[in-house]
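Down below is the structure, laid out as structure tokens.
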2 protein chains.
Amino acid sequence: MSSQKSPIYIENEWSISENRFDPVQIVTTGSNFMTGNGYLGYRGTFPEWEAEEYVGCIVSDTYDNADGKWKELCNVPNGLYTALQLGAAQVHPTRGPGEVSDYRLSLNYRYGRTSGGYTWNPQEPGLQKGTELRVSFERFASYSSLHLLAQRVRIAAITGGLLTLSTGVDGRVWSLNGEHFRECSAFNEGDIIGLNCATSEKGTEVVVAQGVQIYGVTPRTKDSAEPLSPPQEKRRNFRQLQFELQAGDELIIEQMMTVFSGNDTADPYSAAVELAREATENGYEREAGQSARVWDTLWNRYFIHIESTDTTQALLNYNLYHNIIATPAHTDHLPIGARGLSCQAYQGAAFWDQEIFNLPMYLYTYPEVARNILIYRYKTLDGARRKAERLGYEGAYYAWISGDTGDELCPDYFFKDVLTGRKIRNHFNDWQIHISPDISYAIQHYYQATGDWGFIKDYGAEMLFEIANFLVSHAYFKKDKNRYEIIRVLGPDEYHENADNNVFTNFQAKWAIGTALDVYTRLSSTDPQILQKIAQRCRIDGQRIELWKEMYEHIYIPEPVAESKLIEQFDGYFGLEDIMPNTLANRLKDPNEYWGWPTGIAYETQVIKQADVVQLFCLHPESYSVETMQRNYRYYEPRTHHRSSLSPAVHSIVASRIGFYDQAYSYFQESLGIDLFSTNPPASGGTFIGGIHTAACGIAWQMVVFGFSGIVFTDQGILCKPHLPQEWSSVQFTLHYRGQSCLVSLTADSVKLDAAPSNQKALPFQIFEQEYRVQPGDSITHSL
Amino acid sequence: MSSQKSPIYIENEWSISENRFDPVQIVTTGSNFMTGNGYLGYRGTFPEWEAEEYVGCIVSDTYDNADGKWKELCNVPNGLYTALQLGAAQVHPTRGPGEVSDYRLSLNYRYGRTSGGYTWNPQEPGLQKGTELRVSFERFASYSSLHLLAQRVRIAAITGGLLTLSTGVDGRVWSLNGEHFRECSAFNEGDIIGLNCATSEKGTEVVVAQGVQIYGVTPRTKDSAEPLSPPQEKRRNFRQLQFELQAGDELIIEQMMTVFSGNDTADPYSAAVELAREATENGYEREAGQSARVWDTLWNRYFIHIESTDTTQALLNYNLYHNIIATPAHTDHLPIGARGLSCQAYQGAAFWDQEIFNLPMYLYTYPEVARNILIYRYKTLDGARRKAERLGYEGAYYAWISGDTGDELCPDYFFKDVLTGRKIRNHFNDWQIHISPDISYAIQHYYQATGDWGFIKDYGAEMLFEIANFLVSHAYFKKDKNRYEIIRVLGPDEYHENADNNVFTNFQAKWAIGTALDVYTRLSSTDPQILQKIAQRCRIDGQRIELWKEMYEHIYIPEPVAESKLIEQFDGYFGLEDIMPNTLANRLKDPNEYWGWPTGIAYETQVIKQADVVQLFCLHPESYSVETMQRNYRYYEPRTHHRSSLSPAVHSIVASRIGFYDQAYSYFQESLGIDLFSTNPPASGGTFIGGIHTAACGIAWQMVVFGFSGIVFTDQGILCKPHLPQEWSSVQFTLHYRGQSCLVSLTADSVKLDAAPSNQKALPFQIFEQEYRVQPGDSITHSL
């Protein structure tokens, strides 16, 4: 489970560390060891690091288009910057003249704390040999105060010396696409210092403030908060302090960084200064404790405990952690970024990943979070309407890459042809239509899991209707075949653009229209006045409903072929060259070539980027026989290149359900390690794609619950058909379903269900063929 | 009108010459100076030349696939090969040790005679300085005996010497795609020698024979037909003769080459030997005279006489000549190749060029030839059915590149990306559907021009019906817009593949379906039993006819936009980057890059390869107002790259009709010079595309008759709205229309019509608004 190339190791089920600095992996490491809270993400970097070490604090809702092409979140000024100097020598973990030993970087993901340290020995002739410092830090993004980052730096003097400390707000930040701050002005507000910046596109204010407390050693000036005269540098506002360290001294610096933008509050300056002052007064320990209490409640919600002979529990926790900190659970108007808040890659924006990969974990544990995510889609419905209209369709065509407004953020050109240097016109933005029905799928499952009809009335129905309108306006009717077809799309497999009748897309479209029809019918009888208003907004009349029905009944869904039971991924797929990914790779002229449409090596072959037909089985296991799924899995799996982090987990879930247990576990392990053990370069086809793969993190929960534990949520209740990996002796997790909670405990030969005493009614629970109704506070145990 | 780069000059209205050998232009020159007769084409090369000088005799109906990818016509062994040696020195026009002067290559295209000559001076020390030979030749492909090529070589000795002559059949031929003869065996049949070859794919026999007569000087051996012992070389069968030349001697060698393939006759060997023997006996002069008499009748048919201040007449004749020799007028089962029989490029096969560019000249002068061409399409209807079925359609989808069977010859990969070395997957073969309705257009016009209902019953109806079936099965119905659309095509502008609702394609499709419906209706009343049989073969019933009608009524034809009157070439075209071709060219990284889809520089811009909307106006001038055509011409013309030889002529015709006379004449001149003054390299994107542009040659006739002379053929008769270029004082041509013949004579201020005395009825002829009915043998003169 660990890569030889990586210096990373697992300390325990809540902690990872690395004990060697690997400059090649610096982008990845910064993401892996990050802290965050759904409002902001702060990369796992040393306080001494700067832009060149990819220090980053990515703040939600700060979308800015600085280069006229790519809109992305801002990397805000770093309010935790710390520079150390002993005598004339820079003290630094990875640069400078000193000798560094005992290097360590850690992440405790139970509480989202990044820590690190190193021992420093001077190498310069001017300094006495043997002068040593032990520098360490700990940092967390607060879950009790989302605009706060707290950091504590400790400097233990093994021998003495004159230490100069510079700390403050470093506005010289790393940015992927353009300079996002057209100006940054420094401010000193009593003890609090900071930078007040304005974004380049709309001039949105972004304020970063810093407060500091010093313990252990008194600085040479009287007032510890009063800075010396630090060098005046552009986009930097530092304070400087000096300490005469004696051997055995321990200097402690607590730094409180706060961030507010004009999108958070009308007066971000006051908010940042006040919070920084308050937090500085509270101190690190108190803030840490308050945040930890929130984490305890979160982990209670997302609890999964696995007894295993391997590192599963640690890796699972790690993945859930990254899903949690990527999710703006605190609000209903922001998306889960495909790279979360780990960096600016993928523009801090949501893809279909959000509904299909990130959301189910929340839906069945903390449905209020799922609700917020779906309300975000409602609040961006007008953006989806604008996209549809711009492309000549009706209804709602959701953005492939969706930020704050729901307008399409996906640029026309995503990758470059490394052989020619020319941009590649990928049609992710205008042809990958399954994003819209995928949202319908999530809405339908949200309602199934919560029975929250109020959500449907206030939000869900309108989205469902507009998505159905879009699908009907996109589809073509083939008169000679008496069927609707969906032409020129990409399914999840993005190597094959310009495909017709992609089975995943067509199936999702039918499902989405069916759901819209169901909701329409129910609203007609329960809430006709509400329906009337929604129908007016969506321009729906009886004729339109007939059109939905007709498309629902006549849409072409490629069926399993008679004998082979194979389902053709799209029209003509089986006629493509049949070659396996490893053999195909020999045709590369450059290892960084993009494999897909229109000129990549895979486009004219059956090699696919990621699960597509298998993805369909993942979402709709009830619609295909096990034999059909087995045969298709066997066919498609070896032809899958898995060049999407979304792919292995989907294979794991489906493999579990169809009895391919070895593959299920092997893909499970692969998926869990995507971020931690990745040695992939952070760029592809000239585009930066580094950062945390939040979709893979989110679906980790599904692999355990939907995959190995065999949980299926139906209209009748919860169905459980587990098959635990032989490495596991037990697995336990909590579920919330239709207002009831329970604890599921599985071993190789038993299933136990504890219904929460607070439940309002009996919980229907079926284990294989056996049905149970578990009363509040009751337990049942079923032997396998 | 002449290019400085070219050594070619116009001698008179029937003859061109070049007086300098230009090795860079050797491929082009060989095509320009070729002779041919619709059965075979023989390139304009010296008798001494070999494969390296692109000697070629391309024979129709010899399609062979030698490399597993490209099927093409064979370049058969050269039965006119002649090698000369004086003493030990090679006598050669362009190679060898001698000094060559008075070099000349000529083509008389009145009678299809290639001739040439040079004066040779030795440079070798062994030979006496001052020994000179004047070598000349003349050659023609016989129009009275299509399997015959005759050549006469003259050697005038200015001073004397021992001349060794080798002549025979050289099977070491140049071939574009693979070796087409798996074997070639030499034979000597009395005086006749030759090679008997078998094609690589099907083993079809191809026999080339040679007979020789010597005049002027007696060879050293007794029997002039008895060879010495020429060197035995593989794939060569030569005879060798020696002559003691004295100053003032003139040696004449007459060579008769014959070709027959197993597709021409059951016993090609006997046929070739017998014809060679007979022609050798007849002698060069007699054969030349017989062929010339056929040419006289042809030119009588295709007569156009222009009095002008420039070289128009010569260039026009030249173009008509190449259209004539490219056309297999003698048979009804062969196509007109896009490069005729000038070389193997474009696989010796027909494109849409055949119906739209080559055919109209025949239709209105020699309709029997047009009939043969259209019967060829009938005989390949099953190939079109196979193509449709293979691609999932019904009916007849004609091959984009059509050879003997009508199966698609167009390879998936036509060009290469010169930047990456990778093949480009052009979709000429599966997306360029307008080929099928273009054939319907030609059938409709054939019937209009001839009233040949028998053709419709025997051939035309079935093609029309199957094309309509194809179109209906290809189209999609958009329910929300209540219209049929045609999705994912290329129009004539091949830079933009994957286009929807290309106006040219949609218009042609509507026209084709309308024609099918008309013919169906008429057959229902006149020939119900015949209709029943055809309907059965085409699986047509009442329901199908309703589908045709519905598509005819509801197909979407992009209309001129309200104020601008601009017609969008395809959905979204006006949204593409608006840039002019010359500016766009700056983006090339390599001058040989292909500009079109999917990654060429033009694909995402409004730069188009060739006339598309303008092409629509060319075919359907009655459907648009002059103002609409003017506005669109003004818009599209500067955005047109004219990288198809089809483009300038179409612009000339449309410009004539809408009063843009300067442009009309300038494009006319450009089009006439495409072959003669072209300095384009013979390859593009790694693909050989040299050879005669027969479509441009064919449409030369249309530029004069449809363009400047303003002739339109309607159901009511002939309409004439001329506007002669100021360079012309008069133009005269013959027309055949509905069985009647006439001579049209135009000057700037008059139109004269002479109706043939043999006509059976009055000829309706309208000049602008004035209608005439001209009785057989009568003339009318109309002042303008």
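Miscellaneous remarks
- If you go through the range A:166-181 and pick out every residue that is on the phi < 0 side of the Ramachandran plot, part of a strand (DSSP E or B) and out of contact with any Cys (no Cβ under 8 Å at 6 or more places or on another chain), you end up with 4.
- Test: A:Thr687 is at pLDDT below 95, over 24 Å from A:Ala326 (Cβ atoms), of a type in the set (Val, Ile, Thr) and surrounded by fewer than 22 Cβ atoms within 10 Å (Cβ to Cβ): no
- For the residues A:Ile545, A:Ile579, the requirement of being away from every other protein chain (no Cβ under 13 Å), surrounded by 11 or more Cβ atoms within 10 Å (Cβ to Cβ) and part of a loop (DSSP other than H, G, I, E, B) singles out A:Ile579.
- Tally, over the range B:311-353, of residues that are in a loop (DSSP other than H, G, I, E, B) and among the polar types (S, T, N, Q): 5
- Which numbered condition A:Thr380 misses (of (1) more than 22 Å from A:Trp453 (Cα to Cα); (2) open to solvent by less than 10 Å² (accessible area, probe 1.4 Å); (3) of a type in the set (Ser, Thr, Tyr)): (1)
- Condition check for B:Gln663: open to solvent by 10 Å² or more (accessible area, probe 1.4 Å), modelled with pLDDT of 95 or more and in contact with a His (Cβ under 9 Å, 6 or more places away or on another chain): yes
- Qualifying residue in the range B:493-500 (condition: within 14 Å of chain A (Cβ to nearest Cβ), within 12 Å of A:Tyr476 (Cα to Cα) and either touching a Lys or Arg at 6+ places or on another chain (Cβ under 7 Å) or surrounded by 24 or more Cβ atoms within 10 Å (Cβ to Cβ) (or both)): no
- From the options A:Leu724, A:Leu784, residue that is in contact with a helix residue (DSSP H, G or I) (Cβ under 7 Å, 6 or more places away or on another chain), more than 21 Å from A:Arg301 (Cβ to Cβ) and either among the hydrophobic types (A, V, I, L, M, F, W, C) or crowded, with 20+ Cβ neighbours inside 10 Å (or both): A:Leu724
- Filtered residues of the range B:583-639 (kept if within 13 Å of another protein chain (Cβ to nearest Cβ) and of a type in the set (Asp, Glu)): B:Asp590, B:Glu593, B:Glu604
- Against the criterion of being under 18 Å from A:Tyr556 (Cβ atoms) and away from chain B (no Cβ under 14 Å), A:His434 qualifies.
- Summed over the range B:525-535, the residues that are under 38 Å from the mean Cα position of the chain (by Cα) and in a helix (DSSP H, G or I) give a count of 7.
- Residues within the range A:458-492 that are of a type in the set (Phe, Trp, Tyr) and more than 8 Å from chain B (Cβ to nearest Cβ), tallied: 4
- Test result for A:Ala611, modelled with pLDDT under 95 and in contact with a helix residue (DSSP H, G or I) (Cβ under 7 Å, 6 or more places away or on another chain): yes
- Among the candidates B:Thr45, B:Thr82, B:Thr94, the residue that is outside any strand (DSSP E or B) and open to solvent by less than 10 Å² (accessible area, probe 1.4 Å) is uniquely B:Thr45.
- A single member of B:Gly44, B:Gly56 is at pLDDT 95 or above, in contact with a helix residue (DSSP H, G or I) (Cβ under 9 Å, 6 or more places away or on another chain) and farther than 22 Å from B:Cys197 by Cβ, and it is B:Gly44.
- Here B:Asn37 clears all of (1) farther than 16 Å from B:Gly337 by Cβ; (2) open to solvent by less than 10 Å² (accessible area, probe 1.4 Å); (3) touching a strand residue (DSSP E or B) at 6+ places or on another chain (Cβ under 7 Å) except the condition numbered (1).
- A:Ala88 modelled with pLDDT of 95 or more, hydrophobic (A, V, I, L, M, F, W, C) and open to solvent by 10 Å² or more (accessible area, probe 1.4 Å): no
- The range B:585-616, subset open to solvent by less than 20 Å² (accessible area, probe 1.4 Å) and free of Cβ contacts under 8 Å to residues at least 40 places away in the same chain, residue nearest to B:Tyr556 (Cα to Cα): B:Gln606
- Residue satisfying all of: in the range A:384-428; of a type in the set (Ser, Thr, Tyr) and open to solvent by 10 Å² or more (accessible area, probe 1.4 Å); nearest to the other protein chains (Cβ to nearest Cβ) among these: A:Thr420
- You will find that of B:Tyr520, B:Tyr446, B:Tyr476, the residue that is at pLDDT 95 or above and surrounded by 24 or more Cβ atoms within 10 Å (Cβ to Cβ) is B:Tyr446 and no other.
- In the range A:523-542, the residues that are of a type in the set (D, E, K, R) and open to solvent by 50 Å² or more (accessible area, probe 1.4 Å): A:Lys533, A:Arg537, A:Arg539, A:Asp541
- Residues of the range B:430-468 that turn out to be more than 26 Å from B:Asp715 (Cβ to Cβ) and in contact with an Asp or Glu (Cβ under 7 Å, 6 or more places away or on another chain), as a count: 1
- Among the candidates B:Tyr552, B:Tyr556, the residue that is surrounded by 14 or more Cβ atoms within 10 Å (Cβ to Cβ), under 21 Å from B:Pro492 (Cβ atoms) and at pLDDT 95 or above is uniquely B:Tyr556.
- Within the range B:97-119, tally of residues that are open to solvent by less than 30 Å² (accessible area, probe 1.4 Å) and closer than 17 Å to B:Met34 by Cα: 9
- Note on the range B:641-659: residues that are out of contact with any Cys (no Cβ under 6 Å at 6 or more places or on another chain), part of a helix (DSSP H, G or I) and surrounded by 24 or more Cβ atoms within 10 Å (Cβ to Cβ) amount to 7.
The values are calculated or read from the model by the stated rules, or taken from the named source; none is laboratory data. This is a predicted model, so every value here is computed, not measured. All Cβ positions, even for glycine, are placed from backbone atoms using ideal geometry, and neighbour counts span all protein chains on display. These area figures cover heavy atoms from the full protein model, side chains too; ligands, DNA and RNA do not enter into them. Shrake-Rupley method; radii C 1.70, N 1.55, O 1.52, S 1.80 Å.
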